[in-house]
Amino acid sequence: MLPAYLPNPIAALVGGGTPIDLGRNFTDGKRVFGDGKTYRGLIIGIFAGIGIGLVQIRVSGAYGWENLPEQTYMSITLLATGALLGDLCKSFFKRRLGKERGSKWPIADMYDLVAGALLMVLVFDPGWLFANMTLAIFIIILILTPILHRAVNIIGYRFRVKEVPW
Ligand code: CTP
Ligand code: MG
């Protein structure tokens with residue numbers, strides 16, 4: 001899941017500049033995605049996820065880590081892209097519900113990237129997903145995600161990368 005987990009914190013670190021919705025509103029008069037979703041965050045975030053995936057491919061088999069899922073160029077690209085597309089989708093619906101950029105939306109804010117990443121591999125590389133995903137791994141992802149999410153966001157808040165600790 002590393003290629004899915006890394007894009008969000010990297011986007012928070014480097015994000016800013018032109019928003020993906022170019023500042024435009026949706027038909028309901030509210031922003032399409034909001035200022036928290038920028039091209040820079042999206043693109044650099046995806047490259048960061050692919051980058052960590054390339055490292056995983058490179059070191060796989062070394063250090064006795066043979067039991068880890070075998071990443072492929074396809075899987076890392078789908079996981080990284082899906083994570084931030086899931087995040088983008090979440091923001092779309094968050095705006096429709098009238099929630100401000102950066103406001104709390106507990107379950108969605110945590111699992112958006114997991115849903116996006118897994119949906120992408122399910123659609124475009126189901127063979128990889130079913131070869132590597134077990135119920136146990138899925139449950140570990142469900143448990144680990146909120147913990148990592150909270151920890152990383154608190155760190156981001158302490159270092160003033162994020163304006164809020166969630
Ligand atoms: N970010 C970005 N581009 C993205 C995703 C994130 O620039 N595609 C940056 C933004 O600076 C954003 C920060 O990462 O503020 C944290 O991301 P996130 O918590 O997902 O965004 P929020 O600001 O909370 O906005 P939203 O309410 O839409 O989730
Ligand atoms: Mg947020």
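The values are calculated or read from the model by the stated rules, or taken from the named source; none is laboratory data. Because the structure is predicted, anything quoted here is derived from the model rather than measured. Methodologically, a virtual Cβ is constructed for each residue, glycine included, from the backbone with ideal geometry; neighbour enumeration extends over all protein chains shown. Note: areas computed on protein heavy atoms with side chains; ligands, DNA, RNA excluded. Shrake-Rupley method; radii C 1.70, N 1.55, O 1.52, S 1.80 Å.
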Out of all the residues in the stretch 37-49, is one or more within 16 Å of residue 7 (Cβ to Cβ) and in a loop (DSSP other than H, G, I, E, B)? yes
I'm trying to understand the selection: among the residues of the stretch 46-73, which are open to solvent by 90 Å² or more (accessible area, probe 1.4 Å) and under 19 Å from residue 121 (Cα atoms)? 47, 68, 70, 73
Please specify each residue of the stretch 90-107 satisfying the condition of being within 6 Å of ligand 1 (Cβ to nearest atom) and not polar (S, T, N, Q). 94, 101, 102
Could you check the stretch 25-58 and list, in sequence order, the residues that are among the aromatic types (Phe, Trp, Tyr) and more than 12 Å from residue 10 (Cα to Cα)? 26, 33, 39
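Yes or no, residue by residue, for (1) away from ligand 2 (no atom under 14 Å from the Cβ); (2) of a type in the set (Val, Ile, Thr); (3) farther than 25 Å from residue 142 by Cα:
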residue: 33; (1), (2), (3): no, no, yes
residue: 61; (1), (2), (3): yes, no, yes
residue: 86; (1), (2), (3): no, no, no
residue: 100; (1), (2), (3): no, no, yes
residue: 103; (1), (2), (3): no, no, no
Search the stretch 1-28 for residues being without any contact (Cβ under 8 Å) to a residue 24 or more places away in the chain and open to solvent by less than 50 Å² (accessible area, probe 1.4 Å), and hand back the single one that is farthest from ligand 2 (Cβ to nearest atom). 23
Answer from 53, 36 - the residue that is at pLDDT 95 or above, more than 13 Å from the chain's Cα centre (by Cα), among the small types (Gly, Ala, Ser) and under 25 Å from residue 164 (Cα atoms): 36
Does residue 129 satisfy the criteria of being in a helix (DSSP H, G or I), more than 14 Å from ligand 1 (Cβ to nearest atom) and closer than 24 Å to residue 67 by Cβ? yes
If you go through the stretch 52-63 one residue at a time, how many are in a helix (DSSP H, G or I) and either of a type in the set (Lys, Arg) or without any contact (Cβ under 8 Å) to a residue 12 or more places away in the chain (or both)? 5
I need the full set of residues from the stretch 130-153 which are within 13 Å of ligand 2 (Cβ to nearest atom) and among the aliphatic types (A, V, I, L, M), in order please. 152
For residue 85, are the conditions met, namely being open to solvent by 40 Å² or more (accessible area, probe 1.4 Å), in a helix (DSSP H, G or I), under 20 Å from residue 16 (Cβ atoms) and within 14 Å of ligand 1 (Cβ to nearest atom)? yes
Inside the stretch 136-155, can you point out the residues that are open to solvent by 80 Å² or more (accessible area, probe 1.4 Å) and under 15 Å from the mean Cα position of the chain (by Cα)? 147, 150
Residue 158 vs. criteria surrounded by fewer than 18 Cβ atoms within 10 Å (Cβ to Cβ), modelled with pLDDT of 95 or more, of a type in the set (D, E, K, R) and more than 14 Å from residue 3 (Cα to Cα): no
